[in-house]
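A short write-up of the structure that comes next.
Please treat every number below as a calculation from the coordinates, not as lab data. Please read all numbers here as calculations on a predicted model, not as lab measurements. Using ideal geometry, Cβ is built from the backbone for each residue, glycine included, and neighbour counts are taken over all protein chains shown.
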Amino acid sequence: MVSKRNIENLIQEPEETGEDAPFAPERHDITFRDVSFSYVPGEPVLKRVSFTVPEGKLTAIVGDSGSGKSTILNLIAKFYEPQSGTITIGDRSIQTVSAERVLAQLSMVDQQVFLFDDTVRENIRHARPTATDREVEAACRDAGCDGFVEKLEKSYDTGIGENGSLLSGGERQRLSIARAILKNSPILLLDEATASLDIENELAVKQAIANLLKEKKTVVMIAHTLSIVKNANQILVVADGTIKESGTHEELLAENGKYAAMWNAEQKITV
């Protein structure tokens, strides 16, 4: 009965209505205007949220667990539709555009990496199927993958198992970053890419992300460690489904609000 209900719920889901026409905005700034969203009716996750992510800049999103940080990225990627408000990329609303066309403008590095039961080379090439072997290997080097890939039995042509089961968490994460580097999209979404990694892998992934950020892109990064994002062009502090504070690291410390409290708490832990 549980499975039957799940199937019926899926069948009853409204189908996507966005246009499949090419989506190529001239600018890649991202704007939320009075966006509200809930996964469960009556339990709002975002409440009339408004902000702008400047083009070609790094915007960091910080806040407590469950505050709505990942939901913001899910809405940018059109995994969900907001109940109210508008989201634009450049001067174009994404509401009337199909999710596939919006995703073509994005590269994503998530906490949960999905890999195929295929070779290292083909897993990276999924980001851009027309890429040459040389381009795939260059992306792999920039992501810090080449060290462990060359030690594999068949190097780039080694199968990695279902969802990369033959690799460690840090290795899977670096392959995900290699895909983002190869895709070279104008917008980059990073969702706590170093969460749940050991120290050695976390350092390797941070270096890979630094290489990814060398290109001038519109970047939205969720971080659980504030020291990673203190040099961001803009920091958004999310709490209770709203943007409580926004500004640079120095501006937010001067406000002596939630961000300052989070920063001071982190400094006590790391000392």
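Within the listed set 226, 115, 167, the residue fluctuating most in the Gaussian network model of the chain (springs between alpha-carbon atoms under 10 angstrom) is 167.
Please grab the % of Cα pairs in region 27-92 that end up more than 13 Å from each other. If you can, show how the numbers build up before the last one.
Values: 1368 of 2145 pairs.
Every Cα pair in region 27-92 considered, those over 13 Å come to 64 percent.
Which of the three applies to region 1-62, rounded, prolate or oblate, going by the alpha-carbon gyration tensor with a ≥ b ≥ c and a/c under 1.5 meaning rounded? Mind showing how you got there, number by number?
Details: a/c = 2.97, a/b = 1.63, b/c = 1.83.
Judged from the Cα gyration tensor, region 1-62 comes out oblate (a/c at least 1.5, b/c at or above a/b).
Taking the alpha carbon gyration tensor of the chain, multiplying each eigenvalue by 5 and rooting it gives semi-axes of 30, 25, 19 Å, largest first.
Nothing charged except the Cβ atoms of Lys and Arg (+1) and of Asp and Glu (-1): what's the magnitude of the dipole of the chain about its Cα centre? Round to the nearest 20 debye. List each step's numbers first, then the result.
Values: 30 positive and 41 negative charges, 92 e Å.
The calculated dipole for the chain is roughly 440 debye.
For region 44-189, a simple Cβ point-charge model (Lys and Arg +1, Asp and Glu -1, everything else neutral) yields a dipole of about 580 debye relative to the Cα centre. The antiparallel fraction among DSSP beta bridges confined to the chain stands at about 50%.
Using a Gaussian network model of the chain in which every pair of alpha carbons under 10 angstrom is joined by a spring, one finds that among 129, 22, 41 the greatest mean-square fluctuation is at 41. Exposure here means at most 15 other Cβ atoms within 10 Å; with GluC sites (Glu not before Pro) in a DSSP loop as sites, the longest stretch of the chain lacking them is 27-149.
In the elastic network of the chain, a GNM with C-alpha springs shorter than 10 Å, the most mobile of 166, 182, 75 is 166. Work from the charge dipole of the chain (Cβ charges, +1 for Lys and Arg, -1 for Asp and Glu, about the Cα centre) and give the residue of 41, 190, 256 farthest towards its positive end. Selected residue: 256. Taking 25 Å as the limit for the C-alpha separation, the pairs 4/78; 57/258; 78/217 exceed it in the case of 4/78. Please compute the contact order of the chain in relative form: average sequence separation of alpha-carbon pairs under 8 Å and at least six residues apart, divided by the residue count, as a percent. RCO, the chain: 24 percent.
Sequence gap at least 6, Cα distance under 8 Å: using those rules, report the relative contact order of region 1-103 to the nearest whole percent.
Details: 144 pairs, mean separation 37.6, N = 103.
Taking the mean separation of contacting Cα pairs over the length of region 1-103, I get 36 percent.
Here the convex hull built on the C-alpha positions of region 89-148 has a volume of 138 cubic angstrom per residue.
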